[in-house]
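*Asks:* Structure in structure tokens, see below.
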Amino acid sequence: MNTLDQKIQQKLLNTFEPTVLDVQNESHMHSGTATDSHYKVIIVSRLFEGQRLITRHRSVNQCLAQELEGPVHALAIHTYTEDEWEAQQGRVPLSPNCMGGSKSDKS
């Protein structure tokens, strides 16, 4: 685990007090030369009880705002309550391979 991975993990641990946390660096799935830029996070937390999915995702984005402004280009977020995680049986969707592009490609 590299420094950025550890920073992301620590921020999520401190903010959400998760019972399950998996930070996956998926940069190897990028079509270009990106390093430490594509991540997937899986978070199971009691703090998500009663929250809509959009609210959960916004809270993760807010927690990682500094990383999203800098090195992190893509972030797949999977948030669950304990009951939802149990119903999922610990399975999360696979991430697709990145098709390229960057923040500067907007036209």
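The values are calculated or read from the model by the stated rules, or taken from the named source; none is laboratory data. The structure presented is a predicted model; accordingly, all values stated were derived computationally and were not measured. Ideal geometry is used to build each Cβ from the backbone, glycine not excepted, and the neighbour counts take in all protein chains shown. What goes into the accessible areas is simple: the full protein's heavy atoms, side chains included, and nothing from ligands, DNA or RNA. Shrake-Rupley method; radii C 1.70, N 1.55, O 1.52, S 1.80 Å.
*Asks:* Do you know which residues across region 34-62 are part of a helix (DSSP H, G or I), open to solvent by 10 Å² or more (accessible area, probe 1.4 Å) and not charged (D, E, K, R)? Before you say what the answer is, go through the steps one by one.
*Replies:* Filtering region 34-62 down to residues part of a helix (DSSP H, G or I) leaves 46-48, 53-62.
Adding the requirement that they be open to solvent by 10 Å² or more (accessible area, probe 1.4 Å) leaves 46-47, 53-59, 61-62.
47, 53, 54, 55, 57, 59, 61, 62, listed by residue number.
*Asks:* Now a separate question. Taking interchain pairs and intrachain pairs at least six residues apart, which have beta carbon atoms under 7 angstrom, with the first residue in region 41-70 and closer than 16 Å to residue 8 by Cα and the second of a type in the set (S, T, N, Q) and assigned to a helix (DSSP H, G or I)?
*Replies:* Pairs that qualify, where the first residue is closer than 16 Å to residue 8 by Cα and the partner is of a type in the set (S, T, N, Q) and assigned to a helix (DSSP H, G or I), are 63/15; 68/61.
*Asks:* How about region 74-101: which of its residues are in contact with a helix residue (DSSP H, G or I) (Cβ under 7 Å, 6 or more places away or on another chain) and either modelled with pLDDT under 85 or loosely packed, with under 12 Cβ neighbours inside 10 Å (or both)? Please lay out each step first, then the result.
*Replies:* So in region 74-101, the residues in contact with a helix residue (DSSP H, G or I) (Cβ under 7 Å, 6 or more places away or on another chain) come out as 75, 77, 79-82, 95, 97-98.
Listed by number, the residues that qualify are 95, 97, 98.
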